[in-house]
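Participant: Pasting in a structure now, in structure tokens, and then I'll have a few things to ask.
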Amino acid sequence: MIAKRLTASLVASLALCSAADAHPHVWVTARSELVYGPDGRMTAVRHAWTFDDMFSSMAVQGLDVNGDGKFTREELAPLAEVNVTSLDEFKFFTFGKVGDKRVSFDKPKDYWLDRLPDSRLVLHFTLPVKDGAAQTGEPFKVEVYDPTYFVAFEFAKESPAKLVSAPNGCHVDLERPPEPDAGQQKRLSESFFTGLSPGANFGEQFSNTLLVACK
């Protein structure tokens, strides 16, 4: 079941959708920071992902331990743990590349969930670079997308991405994905995705790409 491959909490939200409903099922508004070390190379990616109203509402059910109608970071900690553990299978929807070579990331750290005044959940986490970081001044890219297109990512309109402690002259540009056209949207049913071959990377065409270059 697709939902189980993402997080346990997605099962509840998926239950509200019929088998004929089209992908995606969850929407995320993203902001990302690319963090540099003293040697001028990227050391980590920091994400802040804001989930849609429906998913946020379903995910917190049963987590208000003291019944005060509020959700502390401590109460949301088990859900944050489930999210980062489950997303490991999908490489946290984060794919780095330097030319044709992949950048690999380590297990996430510094992760937690916040709840905004409008009740939406925000997942914060940091992905340390494990191997393959670009050399100082070398261009690279970081793509954010769900290969299964179960989750749709859209970067925030304001301050979607920034560099932290980057060398002088470096900058990041965001290349947003095209919207699915009418023909694509019509065929994005559950049966379509069930029929895809294992390992199909359908969601790559809806990738948000952070392009980093230095003068």
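The values are calculated or read from the model by the stated rules, or taken from the named source; none is laboratory data. Remember, predicted model here, so these are calculated numbers, not experimental data. Note that each Cβ is placed from the backbone with ideal geometry, even for glycine, and that neighbours are counted across all protein chains shown.
Participant: Please find, within segment 63-86, the residue that is farthest from V142 (Cα to Cα) out of those that are touching a residue at least 60 places away in the same chain (Cβ under 8 Å) and either hydroxyl-bearing (S, T, Y) or touching a helix residue (DSSP H, G or I) at 6+ places or on another chain (Cβ under 7 Å) (or both).
Facilitator: L79
Participant: Look at segment 163-213 and say how many of its residues are modelled with pLDDT under 95, part of a loop (DSSP other than H, G, I, E, B) and of a type in the set (G, A, S).
Facilitator: Selection size over segment 163-213: 4.
Participant: State which residue is farthest from Y149 (Cα to Cα) when the search covers only segment 66-80 and only residues that are assigned to a loop (DSSP other than H, G, I, E, B) and among the small types (G, A, S).
Facilitator: By that ranking, first place goes to G67.
Participant: Just to be sure I understand the filter: pairs with C-beta atoms under 7 Å, separated by 6 or more residues or on different chains, first member in segment 121-142 and within 18 Å of V172 (Cβ to Cβ), second member basic (K, R) and surrounded by 14 or more Cβ atoms within 10 Å (Cβ to Cβ). Which pairs pass?
Facilitator: T126/R46; A133/R41; A134/R41; Q135/R41; T136/R41; F140/K97; K141/K97
Participant: I would also like to ask the following. Within segment 102-117, does at least one residue satisfy the condition of being in contact with a Pro (Cβ under 7 Å, 6 or more places away or on another chain), of a type in the set (D, E, K, R) and in contact (Cβ under 8 Å) with a residue 12 or more places away in the chain?
Facilitator: Scanning segment 102-117, I find at least one residue that is in contact with a Pro (Cβ under 7 Å, 6 or more places away or on another chain), of a type in the set (D, E, K, R) and in contact (Cβ under 8 Å) with a residue 12 or more places away in the chain, so the answer is yes.
Participant: In the list F105, F95, F90, which residue meets the criterion of being surrounded by 12 or more Cβ atoms within 10 Å (Cβ to Cβ), at pLDDT below 95 and either of a type outside the set (D, E) or under 14 Å from the mean Cα position of the chain (by Cα) (or both)?
Facilitator: F90
Participant: With the condition kept exactly as written, say whether any residue in segment 57-77 is crowded, with 17+ Cβ neighbours inside 10 Å and modelled with pLDDT of 95 or more.
Facilitator: no
Participant: Considering each residue of segment 129-162, count those that are farther than 16 Å from E33 by Cα, in contact with a Leu (Cβ under 9 Å, 6 or more places away or on another chain) and assigned to a strand (DSSP E or B), and give that number.
Facilitator: 1
Participant: To continue, here is another question. If you check A8 against the conditions, is it under 22 Å from the mean Cα position of the chain (by Cα), at pLDDT below 60, within 23 Å of R115 (Cα to Cα) and of a type in the set (A, V, I, L, M)?
Facilitator: Considered against the rule, which asks whether it is under 22 Å from the mean Cα position of the chain (by Cα), at pLDDT below 60, within 23 Å of R115 (Cα to Cα) and of a type in the set (A, V, I, L, M), A8 comes out as yes.
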